[in-house]
Structures are given as structure tokens and as C-alpha cells.
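Notes follow the structure.
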Amino acid sequence: MRIFDISRRMENGMPVWPGDTAFQYEVSWPMEESGSVNVGRLELSTHTGTHVDAPFHFDNNGKRIIDLDLKLYIGPARVIDMIGKESIGARNLNGIDLDGCKRVLFRTLSWINPSVFPEKIPHIEPDLAPYLASKGVKLIGLDVPSVDPIDSKELPAHHRLNENGIHILESLMLDAIEPGEYELIALPLPLVQGDGSPVRAILRQW
């Protein structure tokens, strides 16, 4: 069995969504003071690094993180290349058999410099959500920080995916991953009021 870590590194100075909370880790209670241990303090957004979106993120009446079915985030997943695409729609999946595939991860390789937040990303087109839903897909993952364009305020892809029962996993690191079949594990934290949650996402392959 091989394990691939597909999570972005969480470290001070890492890029976050413009205007969002900067990531910061510090040892707030060092061994010199406690007498026995170092204890760290974190400040971060719920959408820092590799993360899942809860529907509450874009819908005041949507489910929170604690309400999501953990089975969504564990199980077979297919990595599909979408390198060079400016957007991803149903037409890009012509000839790809997705019947029975519950989790799809799109590898765009468009986030070229991981130390800088991207100015433009491939986005999900409106027709993709119902197409994926018709195939049984329940989770979509991407190696960019949003399923919508960076400057979008209406967030049509977020809403359309939610309407079709498809959950969202963003900011994966898929550079070293070949297209194919894997097992995905990307569990969110049990945040009772959470609109999103960082995850440690991995792929397993036998």
C-alpha cells in the first residue's frame, strides 16, 4: 500500500484568501515556562490550506461541518487530469466513465507557485453539477482554492453543486499524483458551528 499526502503545508506566511485571517502558529507556553512541555497556539481561517466547505459557508440555512456525513470524505476516488483547462464542464468528461464513482478529484496544476495565492483559477461550469450528480458523484475536489472564479460573489458553482448534493474539497496538492483510482481520506474537524474545516487529505493505493 502506498500513501500520498495531498494536503498543503500549514505554516506561517502561507497564502490565504485575500482579506481572510492569516495563518499563525506560535509556542504560547514554552517548556521554559511550563516546566515540562511546549504548547502551541493557532490562529487561522476555517478555509486555510486544504479544506472542505460546509453549505453554511455560502448559505445561511445550510448544514454546518458537524452535520456532514463523514462517509463522504472516506472512500474510492478518481483523479482526473484537467491540465490546461480554463474551466471544467460536462463536455470535458466526454468518454470518461464515471458511473458509480462517488468522489472525483480534478488535477489542474494551475496553482503554479504554492507560496503565492493565485490570481486566476479554472472554475466549475454550471452544467457540471447535474452531470456529476447523474453519475452518482457526491464529492468534488480540486487543487485550487475555490470551485468558482476568484472574483465571484454569486458563487454559482458552490450553489449548483450543493443543489445537486455534491460536497466540496478545495486546495488539494495533486502535483505528484497520477490520474487513476485511489482511496481518499480527508476528514474535517468536528466544528459544531463550522462553515468549513481544514483537513489532512491523503490518497491510498494498493
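Quick one: would you say S45 is surrounded by 16 or more Cβ atoms within 10 Å (Cβ to Cβ) and assigned to a loop (DSSP other than H, G, I, E, B)? For S45, the condition - surrounded by 16 or more Cβ atoms within 10 Å (Cβ to Cβ) and assigned to a loop (DSSP other than H, G, I, E, B) - is met. For segment 101-143, a residue qualifies if it is surrounded by fewer than 19 Cβ atoms within 10 Å (Cβ to Cβ) and of a type in the set (G, A, S), and the qualifying residues are S110, S115, A133, S134, G136. Does S152 qualify as being surrounded by fewer than 20 Cβ atoms within 10 Å (Cβ to Cβ) and small (G, A, S)? Here the answer is yes, as S152 does meet what is asked.
Quick grid of which residues meet (1) closer than 26 Å to G19 by Cβ; (2) at pLDDT below 95; (3) in a helix (DSSP H, G or I); (4) among the small types (G, A, S):
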| residue | (1), (2), (3), (4) |
| --- | --- |
| L105 | no, no, no, no |
| N113 | yes, no, no, no |
| A133 | no, no, yes, yes |
| I140 | yes, no, no, no |
| P145 | yes, no, no, no |
| D151 | yes, no, no, no |
| Y182 | no, no, no, no |
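Could you please find all residues in segment 48-73 being surrounded by fewer than 16 Cβ atoms within 10 Å (Cβ to Cβ) and polar (S, T, N, Q)? Within segment 48-73, N60, N61 qualify.
Take segment 1-36 and flag every residue that is among the small types (G, A, S), in a loop (DSSP other than H, G, I, E, B) and more than 24 Å from L174 (Cβ to Cβ).
Residues satisfying the conditions are G19, A22, G35, S36.
Here segment 191-205 is the region considered, the condition is being assigned to a loop (DSSP other than H, G, I, E, B) and touching a helix residue (DSSP H, G or I) at 6+ places or on another chain (Cβ under 6 Å), and the residue that is farthest from W17 (Cα to Cα) is V192.
Count of segment 86-95 residues, restricted to those that are surrounded by 13 or more Cβ atoms within 10 Å (Cβ to Cβ) and in a helix (DSSP H, G or I), is 3. Screening the candidates L155, L174, L161, L109 for the property of being in contact (Cβ under 8 Å) with a residue 40 or more places away in the chain and within 20 Å of L72 (Cα to Cα) yields one hit, L174. Among the residues making up segment 56-85, those that are out of contact with any strand residue (DSSP E or B) (no Cβ under 8 Å at 6 or more places or on another chain), more than 17 Å from L132 (Cβ to Cβ) and in a loop (DSSP other than H, G, I, E, B) are F58, D59, N60, N61, G62, K63, R64, D69, G84. Report yes if G84 is under 16 Å from G165 (Cβ atoms) and either polar (S, T, N, Q) or free of Cβ contacts under 8 Å to residues at least 60 places away in the same chain (or both), otherwise no. Here the answer is no, as G84 does not meet what is asked.
The values are calculated or read from the model by the stated rules, or taken from the named source; none is laboratory data. Since we're looking at a predicted model, the values are computed, not measured. Neighbour counts run over all protein chains shown; Cβ positions are idealised from the backbone, glycine included.
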